[in-house]
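The values are calculated or read from the model by the stated rules, or taken from the named source; none is laboratory data. Note that the coordinates shown come from a computational prediction; the quantities given were computed from them, not determined experimentally. Note: ideal-geometry Cβ built from the backbone for every residue, glycine included; neighbour counts use all protein chains shown.
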């Protein structure tokens, strides 16, 4: 019996297909796949041990970190007692003006605040705001120094921002002074600026 060319081609294709199936079967045999899977498992165990070691070190630092956090929170609470607490920026400015008037009244001789000007509330860093008040008083240099010194020891967080001198009286040594004072307030009192779109 002789094979036709068509039968020969069919046998060759059949032989190649059987050969490929044997190669595929050997490559995907269970013994080989377990050997391949074992290697990444060893690597993941090593990685897990390193992560565990890192977590242990972080856990050992946790009590010290919590202690530092408590100290910082206590310090912040003490410092924030000086914030002027109010519902609006205008109320905070009124409280600042009240402090300025009290300090001016307690000077020897008492100082008279002639004019007041309220400034705009603005941000102070990321967490706070500030409000400003400008006042005009007539006083001599020693009185001005005493007034600013008394302002600096007030429990409120206030500071002198600007001092401007006018033309004074040569005989009495009294000078008109415009003093701008700011106070730190909670951030919620400062209105959010809306972005302008063009």
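Numbers below:
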{"item": "Filtered residues of region 126-140 (kept if in a loop (DSSP other than H, G, I, E, B) and either out of contact with any helix residue (DSSP H, G or I) (no Cβ under 9 Å at 6 or more places or on another chain) or over 14 Å from residue 192 (Cα atoms) (or both))", "result": "140"}
{"item": "Any hit, region 158-168, residues being in a strand (DSSP E or B) and over 34 Å from the mean Cα position of the chain (by Cα)", "result": "yes"}
{"item": "Per-region count, region 183-195, residues in a helix (DSSP H, G or I) and surrounded by fewer than 19 Cβ atoms within 10 Å (Cβ to Cβ)", "result": "2"}
{"item": "Hey, residue 107 assigned to a helix (DSSP H, G or I) and in the same structural domain as residue 166 (by TED's automatic domain parsing) or not", "result": "no"}
{"item": "Lone qualifier among 116, 180 - being in a strand (DSSP E or B), at pLDDT 90 or above and surrounded by 15 or more Cβ atoms within 10 Å (Cβ to Cβ)", "result": "180"}
{"item": "Filter result for the condition that a residue is in contact (Cβ under 8 Å) with a residue 12 or more places away in the chain and part of a helix (DSSP H, G or I), over 83, 97", "result": "97"}
{"item": "Positions within region 89-113 being more than 30 Å from residue 174 (Cβ to Cβ) and either modelled with pLDDT of 90 or more or more than 23 Å from the chain's Cα centre (by Cα) (or both), in sequence order", "result": "90, 91, 92"}
{"item": "Any chance residue 78 is closer than 17 Å to residue 158 by Cα, at pLDDT below 85 and under 26 Å from the mean Cα position of the chain (by Cα)", "result": "yes"}
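Quick grid of which residues meet (1) in contact with a helix residue (DSSP H, G or I) (Cβ under 8 Å, 6 or more places away or on another chain); (2) outside the structural domain of residue 144 (by TED's automatic domain parsing); (3) closer than 19 Å to residue 160 by Cβ:
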position	(1), (2), (3)
93	no, no, yes
103	yes, no, yes
111	yes, no, yes
123	yes, no, no
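Per-residue answers, yes or no, for (1) free of Cβ contacts under 8 Å to residues at least 24 places away in the same chain; (2) within 13 Å of residue 182 (Cβ to Cβ); (3) within 25 Å of the chain's Cα centre (by Cα):
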| position | (1), (2), (3) |
| --- | --- |
| 62 | yes, no, yes |
| 73 | yes, no, yes |
| 141 | no, no, no |
| 154 | no, yes, no |
